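Colleague: Structure provided below as structure tokens; questions to follow.
The values are calculated or read from the model by the stated rules, or taken from the named source; none is laboratory data. Note that the structure is a prediction, hence the values are computed from the model and not measured. Glycine gets a Cβ as well: all are built from the backbone with ideal geometry, and neighbour counts include every protein chain shown. Just the protein is used for accessible areas: all its heavy atoms, side chains included, with ligands, DNA and RNA removed. Shrake-Rupley method; radii C 1.70, N 1.55, O 1.52, S 1.80 Å.
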Amino acid sequence: MKKSTEADLAMSKAAVKISADLLSNPLCEQDQAFNESMMALDKAMKRMDSYNQEKVNQIQKTVIEPLKKYGGVFPSLNMAVKRREQVLQDYKRLQSKVEKYEEKDKTGPVMVKLHQAREELRPVREDFEAKNKQLLDEMPKFYHSRIDYFQPSFEALIRAQVVYFTEMYKTFSELTDQIDQGGLTDEQREKETEAKLNELRSLSIVADD
């Protein structure tokens with residue numbers, strides 16, 4: 001998402017740079033109509049850049065920052081899983097120790113060691129069961145809550161895009177009205193451009209050797 005917004009900003013900044021370069025072209029001083037078209041283009045590009053900046057700022061606040069905060073939860077979640085795994089290993093080790101004494105002959109020393117091993121196992125087992133129950137209870141809640149958490153961000157992203165493209169439609173419609181030459185169709189413009197290109201090609205200074 002961050003790379004997308006950075007690319008958006010780079011695009012609008014580049015468009016402003018292009019329109020500024022065209023506006024500084026000496027041809028603008030020689031042709032009033034061309035100058036007016038370039039001024040209209042420059043104004044439109046600056047408006048686009050301004051609306052684009054607003055869109056990016058909105059996405060930063062409503063999408064990117066909440067995503068970062070959500071990502072910040074995972075280290076704690078991973079730590080809880082890791083603690084449970086560590087206790088599980090201790091539990092297995094002590095349970096194996098108890099089972100080993102249970103398999104031996106029930107002599108006095110063995111019974112003493114069995115009792116000690118069971119006493120050592122008991123708090124570890126309780127700790128494991130508590131941690132395991134906590135994860136079993138809370139992991140599904142965490143998983144299902146992701147939709148509720150991200151829904152407002154998705155809606156904000158869509159609204160930001162709708163506002164931006166609505167304003168862009170207005171901006172470029174106005175620009176089209178300002179620079180449109182007699183309501184020519186795209187096909188007519190293409191033919192006119194080709195005709196002017198042929199005129200240039202016919203000049204002796206650009207003629208093929």
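Colleague: Counting only residues that are open to solvent by 100 Å² or more (accessible area, probe 1.4 Å) and of a type in the set (Ser, Thr, Tyr), how many does region 139-160 have?
Modeller: Start the filter on region 139-160 by keeping residues that are open to solvent by 100 Å² or more (accessible area, probe 1.4 Å), which leaves 141, 143-144, 148, 154, 158-159.
Going one step further and asking which of them are of a type in the set (Ser, Thr, Tyr), we end up with 143.
Going through region 139-160 one residue at a time, the tally reaches 1.
Colleague: A further question follows. Look through region 123-138, keep the residues that are within 23 Å of PHE74 (Cα to Cα) and in contact (Cβ under 8 Å) with a residue 24 or more places away in the chain, and return whichever of them is most open to solvent (accessible area, probe 1.4 Å). First the steps, then the outcome.
Modeller: The initial filter retains those residues of region 123-138 that are within 23 Å of PHE74 (Cα to Cα), namely 127-138.
Filter once more, keeping what is in contact (Cβ under 8 Å) with a residue 24 or more places away in the chain: 127-128, 131-132, 134-135.
On the way: ASP127: 58, PHE128: 24, LYS131: 53, ASN132: 36, GLN134: 95, LEU135: 28 Å².
In this case the residue turns out to be GLN134.
Colleague: Farther than 25 Å from ASP177 by Cβ, in contact (Cβ under 8 Å) with a residue 24 or more places away in the chain and open to solvent by 80 Å² or more (accessible area, probe 1.4 Å): does that describe LYS2?
Modeller: Yes.
Colleague: Now a separate question. Quick check on this structure: which one of ALA44, ALA117 is in a helix (DSSP H, G or I), surrounded by 17 or more Cβ atoms within 10 Å (Cβ to Cβ), touching a residue at least 24 places away in the same chain (Cβ under 8 Å) and out of contact with any Cys (no Cβ under 6 Å at 6 or more places or on another chain)?
Modeller: ALA44
Colleague: Sort through SER173, SER145 and tell me the only one that's assigned to a helix (DSSP H, G or I), more than 20 Å from the chain's Cα centre (by Cα) and farther than 28 Å from LYS92 by Cβ.
Modeller: SER173
Colleague: Taking LEU67 as meeting all but one of (1) closer than 30 Å to ILE158 by Cα; (2) of a type in the set (A, V, I, L, M, F, W, C); (3) without any contact (Cβ under 8 Å) to a residue 60 or more places away in the chain, write down the number of the exception.
Modeller: (3)
Colleague: Hey, another quick one. For region 161-168, indicate whether the set of residues that are in contact (Cβ under 8 Å) with a residue 40 or more places away in the chain, open to solvent by less than 60 Å² (accessible area, probe 1.4 Å) and either farther than 30 Å from ASP49 by Cβ or of a type in the set (Val, Ile, Thr) (or both) is non-empty.
Modeller: Taking every residue of region 161-168 in turn, none turns out to be in contact (Cβ under 8 Å) with a residue 40 or more places away in the chain, open to solvent by less than 60 Å² (accessible area, probe 1.4 Å) and either farther than 30 Å from ASP49 by Cβ or of a type in the set (Val, Ile, Thr) (or both).
Colleague: What number of residues within region 69-114 are among the aromatic types (Phe, Trp, Tyr), open to solvent by 60 Å² or more (accessible area, probe 1.4 Å) and more than 19 Å from TYR143 (Cβ to Cβ)? Reasoning before the result, please.
Modeller: Pass one, region 69-114, residues among the aromatic types (Phe, Trp, Tyr): 70, 74, 91, 101.
Next, from what is left, pick out any that are open to solvent by 60 Å² or more (accessible area, probe 1.4 Å): 74.
Then drop every residue that is not more than 19 Å from TYR143 (Cβ to Cβ), which leaves none.
Of the residues in that region, 0 qualify.
Colleague: Quick check, is PHE34 in a helix (DSSP H, G or I), of a type outside the set (Asp, Glu) and under 30 Å from ASP180 (Cβ atoms)?
Modeller: Against the criterion (in a helix (DSSP H, G or I), of a type outside the set (Asp, Glu) and under 30 Å from ASP180 (Cβ atoms)), PHE34 qualifies.
Colleague: Looking at region 124-137, is at least one residue in a helix (DSSP H, G or I) and at pLDDT below 90?
Modeller: The answer is no; no qualifying residue exists.
Colleague: When you look at ALA33, is it over 30 Å from PRO152 (Cα atoms), out of contact with any strand residue (DSSP E or B) (no Cβ under 6 Å at 6 or more places or on another chain) and open to solvent by less than 60 Å² (accessible area, probe 1.4 Å), yes or no?
Modeller: no
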